[in-house]
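Shown next, in structure tokens, is the structure this report addresses.
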Amino acid sequence: MTCAFFGHRRFDYSKWENKIFQCIWDLVENKNVTQFYSTYSSQFDRLCANYIFEIRKSFPDIVNTMALCYYPSKNFELPSCFNDSLYTIDRFVPPKFAIHYTNKKIVDISDFILSGVKYTTGGASTACKYAMRKNKTIIDIFNL
């Protein structure tokens with residue numbers, strides 16, 4: 001089972017940190033999620049990726065993959081909280097649409113979406129709306 005993360009680039013998630021950690025733990029322990037995807041481009045993504053890094057100490061078989069929106073440069077260095085990276089763009093996409101396209105691809109390959117989306121605008125909101133249309137299981141940290 002797989003899970004992707006979508007949340008706001010700038011948002012104070014401090015009130016929900018424990019809930020986010022518990023959601024990820026539950027996905028691993030009770031929903032058999034072993035693969036996680038995030039672009040690491042938002043505060044929410046970074047928080048979740050670092051929680052997975054911690055959870056991997058108890059569940060070493062889970063994989064934390066950084067979904068790359070742009071083809072990596074020669075100097076690209078994978079953040080230490082990730083196991084690997086994935087570049088999902090398989091055709092020409094103008095750079096201004098790369099994040100949107102990557103988000104759609106991540107939704108397509110995920111079973112669960114952990115949503116830290118509070119506002120109805122922006123790329124994370126668009127990705128979650130797309131996930132709803134694709135009948136993905138969405139876990140909304142604000143409505144638990």
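The values are calculated or read from the model by the stated rules, or taken from the named source; none is laboratory data. Source: prediction; values computed, not measured. Quick reminder, even Gly has a Cβ in these numbers, built from the backbone with ideal geometry, and neighbours come from all protein chains shown. Note: accessible area is taken over every heavy atom of the protein model, side chains too, but ligands, DNA and RNA are not part of it. Shrake-Rupley method; radii C 1.70, N 1.55, O 1.52, S 1.80 Å.
Using a 1.4 Å probe and counting only protein heavy atoms, arrange 136, 118, 31 so the residue with the most accessible area comes first.
On the way: 136 45, 118 105, 31 80 Å².
Largest accessible area first, the list is 118, 31, 136.
Looking at the chain as a GNM with Cα springs under 10 Å, which of 50, 75, 30 has the largest mean-square fluctuation?
Of the options given, 75 has the highest mean-square fluctuation.
Leaving ligands, DNA and RNA out of it, report the carbon-plus-sulfur percent of the accessible area of the chain at a 1.4 Å probe.
On the chain, the fraction of accessible area on carbon and sulfur atoms equals 50 percent.
Just read off the accessible area of residue 138 with the full protein assembly in place, 1.4 Å probe, to the nearest 10 Å².
60 Å²
Which one of 110, 131, 18 has its Cα pushed farthest toward the positive end of the charge dipole of the chain, where Lys and Arg give +1 and Asp and Glu give -1 at the Cβ?
131
Return the lysines within reach of residue 96: Cα separation strictly under 17 angstrom, same-chain partners fewer than 8 residues apart disregarded; answer none if there are no such residues.
Filter leaves 104, 105.
With springs connecting C-alpha atoms under 10 Å apart, model the chain as a Gaussian network and identify which of 46, 56, 133 has the largest mean-square fluctuation.
The residue with the greatest mean-square fluctuation here is 133.
Would you work out the charge dipole size for the chain about its Cα centre, treating the Cβ of every Lys and Arg as +1 and the Cβ of every Asp and Glu as -1, and quote it to the nearest 20 debye?
Working: 18 positive and 13 negative charges, 116 e Å.
It comes to approximately 560 debye.
Whose amide H sits under 5 Å from the amide H of residue 86, counting only residues 5 or more places off or on another chain, with H placed in the peptide plane?
Amide H neighbours of residue 86: 66, 67, 68.
Tell me, what is the 1.4 Å probe accessible area of residue 65, in Å² to the nearest 10?
Approximately 10 Å² for this residue.
Explain nothing, just the number: relative contact order of the chain, from Cα pairs under 8 Å at least 6 residues apart, as a whole percent. Numbers along the way, then the final one.
On the way: 235 pairs, mean separation 41.0, N = 144.
Taking the mean separation of contacting Cα pairs over the length of the chain, I get 28 percent.
Compute the separation of the alpha-carbon centres of region 1-57 and region 62-129 and state it in Å as a whole number.
14 Å
Hey, what do the phi angles of region 118-135 turn into as Karplus ³J(HN,Hα) couplings, whole Hz, using 6.51/-1.76/1.60 and θ = phi - 60°, x for Gly and Pro?
With the stated coefficients, region 118-135 comes to 9, 9, 8, 10, x, x, 5, 5, 4, 5, 5, 5, 4, 4, 4, 4, 8, 6 Hz.
Counting only heavy atoms of protein chains, what accessible area per residue, in Å², does the chain have with a probe of 1.4 Å?
Numbers: 8000 Å² over 144 residues.
Counting only protein heavy atoms, the per-residue value for the chain is 56 Å².
Have a look at the DSSP beta bridges in the chain and tell me what percent are antiparallel, nearest 5. Walk me through the intermediate numbers first.
On the way: 0 of 20 bridges.
Bridges in the chain that DSSP calls antiparallel: roughly 0 percent.
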